[in-house]
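*Asks:* Sharing a structure below in structure tokens format, with a few things to ask.
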Amino acid sequence: MRKFAILFFVLSFTLTAQQKEIKVDLSSPRATVYSHLYFLQEDSYDAEKAAQTIYGLSGADARECAIKLKQILDGKGLRVNMSILPSNANYLDTINGFELKSRYVLFPNQMPQVYVEKINDSWYYSVETVSHVDDLYRQVYPLGTELLKRTIPKIGHKKYFSIELWQYLGIIVLLVLSVLFFYVLNKIVFGVLKLLEKSLIHFAHNSLNESLDGLSRPIALLIVFYLLETYVPILQFSLDVNLFVLRGVHIAQTVFWIYVFLQFINLIMDIYSSYALKTESKLDDQLSPILKRILRGLTIFIGVLKMLTIFGVDTTTVIAGASIGGLAVALASQDTVKNLIGTFMIFLDKPFQIGDWIEGGGVEGTVEEVGFRSSRIRAADTSIFTIPNSKLSEIVINNKGLRLYRRYNTTLGIRYDTPPDLIQIFVDGVRKIVDAHPDTRSDSYNVEFVGFGDSALQIMLNVYFKHPGWAVEQSSKHRLHMAIVKFANEIGVGFAFPSQTVMIEEFPEKKSLDLQYKPDAEKADQVLDTILKEFPKEES
């Protein structure tokens, strides 16, 4: 027993001596921060030594500043990673991207005001940090934190799993208040969004009630989580608990922000789609799903980056890696990048619309879809051409869908033995047919005797149909052709075809060939009246 007591005394003395050997070290950023935090731990508490890391203050003020500084870091759930702190006494950091200075910022993104700097060959918490401590403390710990700390009865400080009894009660109160506040806030936010709907409804083709309801709840939850982030420090958890709770709150905030932006994109795209339906261009309708996919992908990408920062990942490294990887992918898939650029060029220049009949690059058909990478064109035989947008943006495109009229030019060949008077009657009659046709322009057409062919006298027929649609044009041609054929048949005009006719003037016991052409202008007018009555009234 005596030996055991001696051994215990020796061990106690050794541990005490080792503890006393630890002195305040201000030789480097790492040494200063370590000294500050080490002497404020429960098992090595010494506020006097921790206060030596504060520059410009002494005594009680220095101690209070050192303690508050640690409480600020604990309240924000910021754990100092000692392994990355520089141990170099002559460490230099860049200020404003180009100026070098002996300083080190502990948390550049979360709390840039807190940093250590070299003063007279030693490293201290800077004058700026000391001047901001009180403001930072008020930002982290809401009003009433100090009063709550003093009014907690002794029984409330009993610990269960490293959390005091009053803190469990505080968690329950915060959760109950958060639920009640959420229900109230949800109705308020939805009411505000409904007021907004009244100003947006004239843009949308239907009610935005469902979209707004999908926005109100996550917005209300976001506000609740921000309030939780503000009031969780009032419970004064330890660093480990704060780190766990606040990280969960930050993850929830990021998730709901992503959801809110996705819902907001749906709302904007719904309004844009309604607007696009009212425009003449059908290409705007095709742009909506492409824009939606791009915006959703960008939102998710930024959300993932934000989520990585919560877990301490340096986003600069991630973005740099993504840029290098993106460059490698771009070099490996130049065609895809070219197609993407081609897609934007098509939507910017708008050389055609959905439904237009285009011709170019050996392809002819109706534009059915402009996709993210390629476009679909349906040919006259109903087959589908899939053309990369990079090629489609480069080729010369004849957009027949933008024609005001559809030109039709053909030649009517009549027999060589047709008398001149009958030719004139025929030409005049065809002119009247074109002029009376409901689908042709009466102010712009040509019907002329233009030449002598190998087998026929050539009558040029050049007309313009009012309807740009291909199917309507064929129907209009049919009615025009039928009227011309009926007229020619009635007045005795014959259409020629490639042939040779041998004319024999005299032959034993045979009479001369006589085709018996009898031009009759009056009869031609009567025939025209009958034919033209078959035309429907001109379509508006």
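*Asks:* For segment 58-80, name all the residues that are small (Gly, Ala, Ser), under 23 Å from Tyr231 (Cα atoms) and in a helix (DSSP H, G or I). Before you say what the answer is, go through the steps one by one.
*Replies:* Quick first cut of segment 58-80, residues small (Gly, Ala, Ser) only: 58-60, 62, 66, 75, 77.
This time we only want the ones that are under 23 Å from Tyr231 (Cα atoms), so: 66, 75, 77.
Within segment 58-80, Ala66, Gly75 meet the criteria.
*Asks:* Hey, another quick one. Considering Val363, Val370, which residue is under 30 Å from the mean Cα position of the chain (by Cα) and not assigned by TED's automatic domain parsing to the domain that holds Gln474?
*Replies:* Selected residue: Val370, the only one of Val363, Val370 that is under 30 Å from the mean Cα position of the chain (by Cα) and not assigned by TED's automatic domain parsing to the domain that holds Gln474.
*Asks:* Right, here's the next one. Is it true that Arg378 is of a type in the set (Lys, Arg), touching an Asp or Glu at 6+ places or on another chain (Cβ under 9 Å) and crowded, with 16+ Cβ neighbours inside 10 Å?
*Replies:* In short, no.
*Asks:* Ok, one more. Strands (runs of 3 or more DSSP E) wholly in segment 335-412 with at least 2 residues that are in contact with a Phe, Trp or Tyr (Cβ under 8 Å, 6 or more places away or on another chain) and in contact (Cβ under 8 Å) with a residue 60 or more places away in the chain - which ones? Step through it out loud before you land on a result.
*Replies:* Values: elements: 357-360, 363-370, 374-378, 384-388.
Because the criterion is at least 2 residues that are in contact with a Phe, Trp or Tyr (Cβ under 8 Å, 6 or more places away or on another chain) and in contact (Cβ under 8 Å) with a residue 60 or more places away in the chain, no strands (runs of 3 or more DSSP E) in segment 335-412 meet it.
*Asks:* Among the listed residues Val502, Val472, identify the single one that is out of contact with any Pro (no Cβ under 7 Å at 6 or more places or on another chain) and modelled with pLDDT of 75 or more.
*Replies:* Val472
*Asks:* A follow-up question, please. Could you look through segment 425-479, keep only residues that are outside any strand (DSSP E or B) and β-branched (Val, Ile, Thr), and pick out the one that is nearest to Lys400 (Cα to Cα)?
*Replies:* Here the answer is Val472.
*Asks:* Hey, could you check segment 233-254 for residues that are surrounded by fewer than 16 Cβ atoms within 10 Å (Cβ to Cβ) and under 38 Å from the mean Cα position of the chain (by Cα) and say which is farthest from Thr299 (Cα to Cα)?
*Replies:* Once the filter is applied, the top-ranked residue is Phe244.
*Asks:* Further question on the same structure: Take the residues in segment 157-199 that are of a type in the set (Lys, Arg) and free of Cβ contacts under 8 Å to residues at least 12 places away in the same chain; name whichever of them is surrounded by the most Cβ atoms within 10 Å (Cβ to Cβ).
*Replies:* Taking the candidates together, the pick is Lys187.
Yes/no per residue for (1) touching a helix residue (DSSP H, G or I) at 6+ places or on another chain (Cβ under 9 Å); (2) of a type in the set (A, V, I, L, M):
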position	(1), (2)
Gly355	yes, no
Gly362	no, no
Lys391	yes, no
Ile395	no, yes
Tyr408	yes, no
Thr411	no, no
Arg415	no, no
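*Asks:* Give me the residue from segment 1-57 that is outside any helix (DSSP H, G or I) and among the polar types (S, T, N, Q) and, out of that set, modelled with the lowest pLDDT.
*Replies:* Gln41
*Asks:* Take the residues in segment 200-215 that are in a helix (DSSP H, G or I) and modelled with pLDDT under 75; name whichever of them is surrounded by the most Cβ atoms within 10 Å (Cβ to Cβ).
*Replies:* Out of the qualifying residues, it is Ser211.
*Asks:* Let me ask something additional. In segment 400-410, is there at least one residue being touching an Asp or Glu at 6+ places or on another chain (Cβ under 6 Å), of a type in the set (S, T, N, Q) and within 30 Å of Gln458 (Cβ to Cβ)?
*Replies:* There is no residue in segment 400-410 that is touching an Asp or Glu at 6+ places or on another chain (Cβ under 6 Å), of a type in the set (S, T, N, Q) and within 30 Å of Gln458 (Cβ to Cβ).
*Asks:* Do any residues in segment 95-107 that are exposed (fewer than 15 other Cβ atoms within 10 Å of the Cβ) and part of a strand (DSSP E or B) have Cβ atoms under 6 Å from those of residues that are basic (Lys, Arg) and modelled with pLDDT under 85, where the two are at least six apart or on different chains, and which pairs are they?
*Replies:* What qualifies is Ile95/Lys101.
Rundown of residues vs (1) of a type in the set (Phe, Trp, Tyr); (2) modelled with pLDDT of 75 or more, yes/no style:
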residue	(1), (2)
Gly453	no, yes
Ile459	no, yes
Pro498	no, no
Leu513	no, no
Tyr517	yes, no
Glu538	no, no
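*Asks:* Select from segment 118-140 the residues that are in a strand (DSSP E or B) and touching a residue at least 40 places away in the same chain (Cβ under 8 Å) and list them in ascending order.
*Replies:* Matches in segment 118-140: Ile119, Ser122, Trp123, Tyr124, Tyr125.
The values are calculated or read from the model by the stated rules, or taken from the named source; none is laboratory data. Since the model is a prediction, treat every value here as computed from it, not as a measurement. Cβ: placed from backbone, ideal geometry, glycine included. Neighbour counts: every protein chain shown.
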